[in-house]
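Colleague: Provided herewith is a single structure, encoded as structure tokens, for subsequent inquiry.
The values are calculated or read from the model by the stated rules, or taken from the named source; none is laboratory data. Bear in mind that the values here come from a model prediction, so they are computed numbers and not experimental data. Quick reminder, even Gly has a Cβ in these numbers, built from the backbone with ideal geometry, and neighbours come from all protein chains shown.
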């Protein structure tokens, strides 16, 4: 409950509550929902766009910078065919979008503040999506998206934490709500952008498709992602009146000197850094769902709803909606489980939850290894195997991703919180590079062995995180009970 002291200097719009939380949370939720719609919609079709259209003879010749990028990758890997090269491009892109948030956080903390940096990032991402509508601008569009995401991602996340006073217990629930927003957008985007990319030209007349380009549907998919980002930007601009001032602005207004980080501050920072390595391995395996899992669904899955009875096929890109749908379906049950465990004194610590999440990720890939083993190298596994995979993987994600965001927001010193959030996103940066590298083995490996390899990486991450449980528990939980303001 906000007191007069805690709300001093805030406007009426900034102190208004909605469903027990500051009204600004609902706007940040919606802004992030549309940004994730844009990102995941584009991601759902990217690997298919590359392997089935753009990197094929007759199209690839027009891509600006294609030969230079291909030659660069081949310096490290040797000659690359279409699928391995597509996997490397996909992994590099999805990796770099999580490296630039570190620099976007520094920019916001020291120069622009979170608000202006978010606006710049959103505008750049919309521009990048529209650039992808032109085959020749593949690398230009990806580069603009990478820069825009770096400005947007850490600063929208830290603003959730800024809505609450230090020690406010609602912050964990706020990040769980915010994470649902991420996945609402991620759920709808493959259904819309993916369907446009996969199916547009099978619906239209062949001659019409030729006039617009042989595979016009891919470009409509990217256009839909760009429109989603513009909607998110407009919502954020409307939301500004409900958001508290940036930490940078508060410091300038108060005209106070930035004090050095204390010993306790550094303990929290080091604890976050130690968790980066194993969480990176988690993302290297988790992010296969947009890469090799897409390829598994396309070439090795029987996608008929009920074979022999109802032969309607599930579009490949629709499987990318399984995980986000399960996020907002499962979140209430997972949170309720933690609440019951808390009452009994058995709730796992933050780090223990992360270890459980990594283990569940390993188990999900063991399921697909079993599916590949049962069906053999030329068979097609039932789509129900993928359903089970996503159930287990999603549960594991809930034990890592949202609580990781909350942990960083609560443990990081306030004056470097955006930078620390950006640093946390480097787990996805390195993880996505690794997933691209691991995915490059898809064509050459037996599929059972490939999935066992991915499961082994996730299991290794689980073991490493588990070893951190005891030494980090007192540091992290002590910092999260009360987080003093740092200017």
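Colleague: Inside the stretch 376-405, can you point out the residues that are within 15 Å of the chain's Cα centre (by Cα) and in a helix (DSSP H, G or I)? Walk me through it before giving the result.
Modeller: Applying the first criterion (within 15 Å of the chain's Cα centre (by Cα)) to the stretch 376-405 yields 393-394, 396-405.
Selection gives 393, 394, 396, 397, 398, 401, 402, 403, 404, 405.
Colleague: From 307, 332, 315, 278, which residue is at pLDDT below 85 and over 21 Å from residue 386 (Cα atoms)? Step through it out loud before you land on a result.
Modeller: Details: 307 fails: over 21 Å from residue 386 (Cα atoms); 315 fails: over 21 Å from residue 386 (Cα atoms); 278 fails: at pLDDT below 85.
Every option except 332 fails the conditions.
Colleague: Now for a different question. Could you check how many residues of the stretch 382-432 are farther than 24 Å from residue 284 by Cα and surrounded by 19 or more Cβ atoms within 10 Å (Cβ to Cβ)? Working first, answer last.
Modeller: From the stretch 382-432, those farther than 24 Å from residue 284 by Cα are 382, 410-417; that's our starting set.
From what is left, the residues that are surrounded by 19 or more Cβ atoms within 10 Å (Cβ to Cβ) are 410-417.
Matching residues across the stretch 382-432 total 8.
Colleague: Let me ask you something else. Can you pull out every residue in the stretch 109-125 that is touching a helix residue (DSSP H, G or I) at 6+ places or on another chain (Cβ under 6 Å) and either modelled with pLDDT of 85 or more or at positive phi (or both)? Steps first, answer last, please.
Modeller: First, the residues of the stretch 109-125 that are touching a helix residue (DSSP H, G or I) at 6+ places or on another chain (Cβ under 6 Å): 109, 113-114, 117-118, 120-122, 124-125.
113, 117, 118, 120, 121, 122, 124, 125 - these are the residues of the stretch 109-125 that are touching a helix residue (DSSP H, G or I) at 6+ places or on another chain (Cβ under 6 Å) and either modelled with pLDDT of 85 or more or at positive phi (or both).
Colleague: Also, quick follow-up: Might you check whether a residue that is assigned to a helix (DSSP H, G or I), touching a strand residue (DSSP E or B) at 6+ places or on another chain (Cβ under 7 Å) and within 22 Å of residue 296 (Cα to Cα) occurs anywhere in the stretch 355-371? Please lay out each step first, then the result.
Modeller: Applying the first criterion (assigned to a helix (DSSP H, G or I)) to the stretch 355-371 yields 355-371.
Right, trim to touching a strand residue (DSSP E or B) at 6+ places or on another chain (Cβ under 7 Å) and you get 371.
Adding the requirement that they be within 22 Å of residue 296 (Cα to Cα) leaves 371.
Yes, because at least one residue in the stretch 355-371 is assigned to a helix (DSSP H, G or I), touching a strand residue (DSSP E or B) at 6+ places or on another chain (Cβ under 7 Å) and within 22 Å of residue 296 (Cα to Cα).
Colleague: Considering only residues of the stretch 374-388 that are in contact with a helix residue (DSSP H, G or I) (Cβ under 8 Å, 6 or more places away or on another chain) and more than 12 Å from residue 297 (Cα to Cα), which is modelled with the highest pLDDT?
Modeller: That would be 388.
Colleague: Another question, then. Kindly indicate whether residue 53 is modelled with pLDDT under 85, over 21 Å from residue 160 (Cα atoms), under 27 Å from the mean Cα position of the chain (by Cα) and buried (at least 17 other Cβ atoms within 10 Å of the Cβ).
Modeller: Working: modelled with pLDDT under 85: yes; over 21 Å from residue 160 (Cα atoms): yes; under 27 Å from the mean Cα position of the chain (by Cα): yes; buried (at least 17 other Cβ atoms within 10 Å of the Cβ): yes.
So residue 53 fits the description; yes.
Colleague: If residue 13 passes every condition in (1) outside any loop (DSSP other than H, G, I, E, B); (2) loosely packed, with under 14 Cβ neighbours inside 10 Å; (3) more than 28 Å from the chain's Cα centre (by Cα); (4) modelled with pLDDT under 85 but one, which one does it miss?
Modeller: Condition not satisfied by residue 13: (2).
Colleague: Which residues, counting only those in the stretch 276-325, are buried (at least 16 other Cβ atoms within 10 Å of the Cβ) and more than 28 Å from residue 89 (Cα to Cα)?
Modeller: Listed by number, the list holds a single entry, 304.
Colleague: Can I ask one more? How many of the residues making up the stretch 56-90 are under 23 Å from residue 316 (Cβ atoms), part of a helix (DSSP H, G or I) and over 28 Å from the mean Cα position of the chain (by Cα)?
Modeller: 1
Colleague: Right, something else. Among (1) free of Cβ contacts under 8 Å to residues at least 60 places away in the same chain; (2) under 24 Å from residue 120 (Cβ atoms); (3) in contact with a helix residue (DSSP H, G or I) (Cβ under 8 Å, 6 or more places away or on another chain), where does residue 26 come up short?
Modeller: (3)
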